[in-house]
Amino acid sequence: MSITSEQNRNHGRQRSNCSSTSRRMPPVASNGKALAGVANLHGRMPNMRIPFHEALVAFGRTSAQHVLDAEAPLSLEAPLSLEAPLSLEAPQTPLAEKCSPNTAKIVCINGYSAVMPGNFYRAPPPASINPMDQPSYAQTKIPSDPSWGQAEDADFIVYDKERGLEILGNEPTSDFAFEIMPLFHDATVYDPYTNEVYFSQLSGGEISQKVIDLNGNEPRLLRKKANPPLYSPTGGIYRNGLFYYCVGGSSHAVPGPDGTVARPGIYTLNATSGESKVLLNNYLGTCNDIAMDGEGNIWFTDDDYSFGNGVSAHHPILSPAVWRFNPKTGSVRIVDNHLKQPNGIAFSPDFKTLYVADSGAETVPDHPPAVGHVINNPYNVTDPRVVWAFDWLPDGLRVADNGYVLVGVGDGIDILSPEGDLLLKIQTKFTSVGNTWAGKDSKDIWITGVGGIQKVHLNLPGGKSLGDGETEPEEGQKWLQETAAGSHQYCWLAFLFL
């Protein structure tokens with residue numbers, strides 16, 4: 001069957017007043033922010049209660065933790081002098097400035113813009129839950145500091161100059177590659193053998209995967225269908241020659257070749273042959289995103305979104321949770337059920353920390369989990385702690401070879417240190433959702449989302465996220481279907497732990 005490429009289109013946001021099947025998003029907090037959290041194994045953090053909406057939660061295997069010594073009294077030997085009034089003047093250094101001779105639009109934020117002129121204005125979040133309507137940090141208005149206007153139009157915003165510029169390297173680029181339907185596109189994964197990026201359109205009845213073919217002089221956008229078809233993969237990884245997918249679709253209206261119906265669960269896909277196989281579907285929940293530890297165990301998140309966005313015909317039976325699946329034995333065991341809507345999930349390179357995105361969180365618990373549930377389970381999971389606040393809804397989650405964490409946050413990708421410091425933001429003009437490393441040196445990042453695809457090149461390799469790459473997939477039957485990706489007009493504009 002012949003294959004044609006989809007033509008690149010003009011760069012821009014996709015907006016529509018029409019209604020269509022869309023991904024259900026959780027409401028945005030009143031301050032328009034989302035917080036991130038981290039926890040470590042073998043110990044608890046002090047009880048805390050901090051309001052937040054979306055969280056990045058992490059659990060790690062550290063044997064010690066640093067906590068505030070509440071028994072040490074504060075020193076009163078040098079009281080604060082009030083003879084001189086506190087200054088209300090803005091800092092002399094501009095808040096934002098161009099900080100690289102490179103042709104890319106790179107803006108550095110001085111001092112994390114911790115102090116702004118008193119006349120800055122940040123629009124309150126609208127009542128709409130459309131993520132494209134949520135104001136971003138870069139859209140803050142500062143009439144008395146015109147330098148800030150550079151941030152909104154920048155390709156990259158650098159917060160930590162030393163580490164941020166190191167991430168960018170000598171030749172960073174950020175290019176809009178394709179205009180696609182104004183729907184959510186996720187499960188973005190790269191196959192190093194076929195040199196293709198796969199991703200899924202999350203809409204009712206969609207049983208094919210979109211593919212970016214990187215083998216020619218210019219990338220081509222294709223559409224492929226597995227055998228049997230996969231209905232709405234929402235998360236994926238690549239290991240040992242196979243894609244491992246979380247599949248959220250469940251519908252009697254999408255029968256397979258043998259007359260069976262689509263069921264949510266964990267599936268593999270051989271990108272060379274097009275053959276898919278089920279690893280887990282006898283399970284009362286759904287599956288949003290997936291990670292694999294060093295022993296081959298699969299950790300996955302289960303939330304309510306597949307039912308809410310219309311790709312699952314069955315109402316959720318179980319509450320949202322994080323699970324561990326052992327493919328060797330078939331055992332499925334709950335790991336944590338305290339997160340509101342666990343979403344993206346990824347391991348650190350040493351597999352000692354598992355990061356989970358909670359896109360429905362509201363507060364950090366002010367008490368530890370019940371004894372015997374998490375603290376004493378075989379995986380030794382401990383309490384989460386907050387580490388960062390996001391402007392938008394966090395989703396796509398990846399970890400670089402050096403441990404830096406990439407989080408899709410709607411208006412782009414935030415890059416955090418393992419400790420939770422915001423180092424750099426990659427900005428997009430569309431709502432970013434999924435992302436993956438690609439290319440021979442694993443320094444290209446492909447971002448998929450609502451209405452657009454973007455290619456970014458950084459000095460930040462993520463090849464370890466692609467697996468060991470030692471097992472080449474076997475040749476087999478050819479793809480069931482392979483055609484050019486269409487551009488039908490659908491209407492709408494639709495975080496860490498172990």
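Only the coordinates and a few stated rules stand behind these numbers; no lab work does. Please read all numbers here as calculations on a predicted model, not as lab measurements. Methodologically, a virtual Cβ is constructed for each residue, glycine included, from the backbone with ideal geometry; neighbour enumeration extends over all protein chains shown.
Neighbours of PRO461, meaning other residues whose beta-carbon lies under 11 angstrom from its beta-carbon, give a summed charge of 0 when Lys and Arg score +1 and Asp and Glu score -1. Maximal additional length on extending the VAL115-ASN402 stretch stands at 100.2 nm, based on 0.36 nm per residue less the C-alpha distance. Residue exposure proxy: THR301, THR329, ordered by other Cβ atoms within 10 angstrom of their Cβ from fewest to most, comes out as THR329, THR301. At full extension, ASP293 and ALA123 could sit 57.0 nm farther apart than now, given 0.36 nm per residue minus the alpha carbon distance. On the beta carbon distance between LEU318 and ALA104, with R0 = 45 Å, the FRET formula returns roughly 0.50.
Mind scanning LYS340/LYS425; LYS105/LYS429; LYS141/LYS443; LYS225/LYS328; LYS224/LYS328; LYS98/LYS141 and naming the pairs with a C-alpha gap bigger than 22 Å? Over 22 Å Cα-Cα: LYS340/LYS425; LYS141/LYS443; LYS225/LYS328; LYS224/LYS328. Applying 1/(1 + (r/R0)^6) with r as the Cβ-Cβ distance of THR329 and ASN281 and R0 = 25 angstrom yields a FRET efficiency of 0.95. For the range 140-231, the relative contact order is 15 percent, taking Cα pairs closer than 8 Å that sit 6 or more residues apart in sequence and dividing their mean separation by the residue count.
Would you kindly state how much longer the chain becomes between ASN459 and ASN170 on full extension, computed as 0.36 nm times their sequence separation minus their alpha carbon distance, in nm to one decimal?
Values: separation 289, 0.36 × 289 = 104.04 nm, distance 0.79 nm.
My answer for the length gained is 103.2 nm.
Distance between the modelled labels on ASP441 and SER144, one decimal in nanometres: 4.5 nm (7 Å Cα→Cβ projection).
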